[in-house]
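Beneath this line is the structure, given in structure tokens, with notes to follow.
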Amino acid sequence: MRQDHLISATQLSRADIEAVLNRAAEIDADPAAWHGRHSGSILGLCFFEPSTRTRMSFDTAMKRLGGRTIDMGAVESSSVKKGETLADTMRVLEGYADALVLRHPSEGAATMAAEFVDVPLVNAGDGAGQHPTQTLLDLYTIRENAGLDDITVGIMGDLKYGRTVHSLSAALTNFDVRQHFISPESLQIPRSVRYDLHESGAQVREHTHLDDVLAELDVLYVTRIQRERFPDENEYRKVAGEYRIDAADLERAKDSLTVLHPLPRVDEIAPEVDDTDAANYFEQAHNGVPIRMALLDGMLDADTEAGR
Amino acid sequence: MTDADQELRVSKIRNGTVIDHLAAGQALNVLALLGIDGSGGEGVSVGMNVPSDTLATKDIVKVEDRELSQSEVDVLAVISPEATINIIREYDVIEKQRIDRPESVDGVLSCPNRNCITTGDEPIRTRFAVLEEGLRCHYCGEIIRESEITAHLTVT
């Protein structure tokens with residue numbers, strides 16, 4: 001497999017992460033300097049699942065670099081509907097683009113696709129697996145607001161199926177970060193993520209109540225608990241209500257707390273929080289563009305240098 | 001009691017494979033691993049909880065006219081690391097092999113994660129990295145503990 005695919009946050013070293021974050025900071029400082037840098041390059045967007053932010057920010061990022069994008073469109077109108085395998089679809093699309101972005105509902109889809117293509121491939125979410133580019137923009141936002149060393153991060157919500165959580169927790173092990181997981185017991189981090197955290201020697205603690213740890217946090221990363229994860233509506237409402245944050249909660253937190261969310265949110269962050277200094281989730285979403293510009297720039301440069 | 005006595009207790013085979021020194025309780029799992037349920041007509045002898053010199057008790061499986069694929073040996077190495085495989089020709093052991101714990105197990109097992117890409121119709125085999133106390137899906141990262149492995153045999 002090529003080394004420049006980005007499939008999982010577990011493959012990223014601290015140096016890899018800092019290289020992308022530093023490049024994104026340069027882009028943020030002088031966006032015009034990067035326009036036209038990859039004119040003539042084409043990015044293939046392969047989304048087998050709905051996406052707004054990820055798809056559009058990759059689209060914007062490539063266009064801001066002077067490149068163009070092609071989009072396979074909705075699964076309903078593609079050859080996938082006719083029963084084509086993902087392996088075949090990707091083998092065809094690699095002939096149309098200089099790099100590919102893949103989102104797919106099955107865990108491991110990007111790992112498999114990477115075995116079949118020879119252009120750089122970015123995993124833009126594989127089921128409940130990984131979402132490494134979201135993690136890069138999460139880390140960028142954390143670095144801007146709280147720094148990335150000697151901090152305490154709380155990750156709350158659906159930790160079992162939340163791919164952004166799986167990627168973020170893995171990437172944070174590269175830094176001096178104390179991680180606290182806050183979730184109902186039924187949605188705790190899965191065995192595989194727990195294994196990786198244990199292997200990396202990370203400091204990790206798990207809680208069922210936010211109040212157990214809120215006052216210690218520098219960053220609170222909130223994720224959405226989905227209705228379909230629960231057998232009935234009552235159970236869902238009971239649980240979801242416990243893992244939301246409002247202005248009264250912020251009173252018990254550090255003044256400097258940074259609240260993040262990969263979005264979309266439903267009601268896990270009360271709208272009143274939007275107007276506080278803690279709210280950084282829209283800035284976080286905007287950071288998707290410079291981060292994806294930085295990532296694509298590095299990938300396309302490496303590809304050109306390798307003469308491919 | 002010697003090994004020779006054991007072999008007599010569970011009748012000799014002419015050609016095939018003797019899987020010996022299996023951890024007690026693994027014989028039926030080995031049959032599942034080999035996809036043997038009796039319907040194929042192959043001659044099979046099974047000894048369970050037989051006294052052993054090296055293990056307190058062991059299981060033993062003898063299969064006529066059948067040798068193991070590398071993938072089958074790899075799974076065997078994980079579920080019963082002490083097992084030995086003897087290849088028999090004309091009643092004689094022509095090859096006696098101890099098995100090494102592999103780095104990965106390809107095929108044979110299915111991923112327990114029903115949402116793993118390997119459960120679809122993609123042109124790939126399952127692949128599991130061998131950890132200290134279990135296996136891990138190369139594709140989705142799902143971990144199978146050693147005690148759970150036999151539940152995920154792909155019976156063909």
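The values are calculated or read from the model by the stated rules, or taken from the named source; none is laboratory data. In this text, all values refer to a predicted model and were calculated from it rather than measured experimentally. Reconstructed Cβ throughout: ideal geometry from the backbone, glycine too, with neighbour counts over all protein chains shown. Side chains are part of the model used for accessible areas, which takes the heavy atoms of the whole protein and leaves out ligands, DNA and RNA. Shrake-Rupley method; radii C 1.70, N 1.55, O 1.52, S 1.80 Å.
All conditions but one from (1) more than 16 Å from the chain's Cα centre (by Cα); (2) assigned to a strand (DSSP E or B); (3) of a type outside the set (A, V, I, L, M, F, W, C) apply to A:Gly66; the one that does not is (2).
Residues in the range A:141-167 that are within 16 Å of A:Arg205 (Cβ to Cβ) and not small (Gly, Ala, Ser): A:Ile151, A:Thr152, A:Val153, A:Ile155, A:Met156, A:Leu159, A:Val165. Filter the range B:53-98 down to the residues that are touching a Leu at 6+ places or on another chain (Cβ under 7 Å) and of a type in the set (S, T, N, Q) and list them by number. Listed by number, the list holds a single entry, B:Ser80. Going by what's in this entry, would B:Ser69 be described as under 12 Å from the mean Cα position of the chain (by Cα), open to solvent by less than 20 Å² (accessible area, probe 1.4 Å), modelled with pLDDT under 90 and among the hydroxyl-bearing types (Ser, Thr, Tyr)? Criteria not met by B:Ser69. Could you tell me whether the range A:127-135 includes any residue that is touching a Cys at 6+ places or on another chain (Cβ under 7 Å), in a strand (DSSP E or B) and within 14 Å of chain B (Cβ to nearest Cβ)? No, the range A:127-135 contains no residue that is touching a Cys at 6+ places or on another chain (Cβ under 7 Å), in a strand (DSSP E or B) and within 14 Å of chain B (Cβ to nearest Cβ). Could you check, for the range B:98-109, whether at least one of its residues is within 14 Å of chain A (Cβ to nearest Cβ), open to solvent by 60 Å² or more (accessible area, probe 1.4 Å) and part of a loop (DSSP other than H, G, I, E, B)? Within the range B:98-109 (the criterion being within 14 Å of chain A (Cβ to nearest Cβ), open to solvent by 60 Å² or more (accessible area, probe 1.4 Å) and part of a loop (DSSP other than H, G, I, E, B)), the answer is no, since none of the residues qualifies.
State whether the residues of the range A:221-238 include one that is touching a Ser or Thr at 6+ places or on another chain (Cβ under 8 Å) and within 14 Å of another protein chain (Cβ to nearest Cβ). Among the residues of the range A:221-238, at least one is touching a Ser or Thr at 6+ places or on another chain (Cβ under 8 Å) and within 14 Å of another protein chain (Cβ to nearest Cβ), which makes the answer yes.
Here is the figure for the range A:203-242: residues that are crowded, with 18+ Cβ neighbours inside 10 Å and under 28 Å from B:Leu135 (Cα atoms) total 1.
Applying the criterion of being crowded, with 21+ Cβ neighbours inside 10 Å and not β-branched (Val, Ile, Thr) to the residues of the range A:243-252, the residue that is nearest to A:Leu217 (Cα to Cα) is A:Leu250. Selection of the range A:57-93 for residues being within 14 Å of chain B (Cβ to nearest Cβ) and in contact with a Gly (Cβ under 8 Å, 6 or more places away or on another chain) yields A:Thr85, A:Leu86. Does the range A:287-308 contain at least one residue that is within 22 Å of the chain's Cα centre (by Cα) and without any contact (Cβ under 8 Å) to a residue 60 or more places away in the chain? No; the residues of the range A:287-308 include none that is within 22 Å of the chain's Cα centre (by Cα) and without any contact (Cβ under 8 Å) to a residue 60 or more places away in the chain. Only a single criterion out of (1) in contact with a Lys or Arg (Cβ under 8 Å, 6 or more places away or on another chain); (2) not in a strand (DSSP E or B) is not satisfied by B:Ile88, namely (2). Mind checking which residues of the range A:257-285 are free of Cβ contacts under 8 Å to residues at least 40 places away in the same chain and loosely packed, with under 15 Cβ neighbours inside 10 Å? Residues satisfying the conditions are A:Asp267, A:Pro271, A:Glu272, A:Asp274, A:Asp275, A:Thr276, A:Asp277, A:Phe282.
Is there a residue in the range A:25-37 that is open to solvent by less than 70 Å² (accessible area, probe 1.4 Å) and within 30 Å of B:His138 (Cα to Cα)? Before the answer, list the steps.
The initial filter retains those residues of the range A:25-37 that are open to solvent by less than 70 Å² (accessible area, probe 1.4 Å), namely A:25, A:27, A:31-34, A:36.
Next, from what is left, pick out any that are within 30 Å of B:His138 (Cα to Cα): none.
Checked against the condition, which is being open to solvent by less than 70 Å² (accessible area, probe 1.4 Å) and within 30 Å of B:His138 (Cα to Cα), the range A:25-37 yields no hits at all.
Scan the range B:36-45 residue by residue and report those that are open to solvent by 60 Å² or more (accessible area, probe 1.4 Å) and in contact with a Lys or Arg (Cβ under 8 Å, 6 or more places away or on another chain).
As a first pass, look at the range B:36-45 and keep what is open to solvent by 60 Å² or more (accessible area, probe 1.4 Å): B:37, B:39-42.
Within the range B:36-45, B:Glu42 is the sole residue that qualifies.
Within the range A:123-151, count every residue that is within 24 Å of A:His209 (Cα to Cα) and open to solvent by 10 Å² or more (accessible area, probe 1.4 Å). Residues in the range A:123-151 being within 24 Å of A:His209 (Cα to Cα) and open to solvent by 10 Å² or more (accessible area, probe 1.4 Å): 3 in total. Put simply, of B:Ile79, B:Ile94, B:Ile85 the only residue that is in the same structural domain as B:Ser39 (by TED's automatic domain parsing) and open to solvent by less than 10 Å² (accessible area, probe 1.4 Å) is B:Ile85.
Select from the range A:164-182 the residues that are closer than 22 Å to A:Asp126 by Cα and either in contact (Cβ under 8 Å) with a residue 60 or more places away in the chain or crowded, with 24+ Cβ neighbours inside 10 Å (or both) and list them in ascending order. Step through it out loud before you land on a result.
Filtering the range A:164-182 down to residues closer than 22 Å to A:Asp126 by Cα leaves A:164-173, A:181.
Across the range A:164-182, the qualifying residues are A:Thr164, A:Val165, A:His166, A:Ser167, A:Leu168, A:Ser169, A:Ala170, A:Ala171, A:Leu172, A:Phe181.
Scanning the range A:110-122 for residues that are surrounded by fewer than 24 Cβ atoms within 10 Å (Cβ to Cβ) and either farther than 17 Å from A:Gly44 by Cα or within 14 Å of chain B (Cβ to nearest Cβ) (or both) yields A:Ala114, A:Glu115, A:Phe116, A:Val117. Quick one: in the range B:113-141, which of the residues that are open to solvent by 20 Å² or more (accessible area, probe 1.4 Å) and assigned to a strand (DSSP E or B) is farthest from the other protein chains (Cβ to nearest Cβ)? Step by step, filter the range B:113-141, then rank; the result is B:Val130.
Does A:Tyr96 satisfy the criteria of being away from chain B (no Cβ under 14 Å), among the aromatic types (Phe, Trp, Tyr) and in a loop (DSSP other than H, G, I, E, B)? Answer is yes for this residue.
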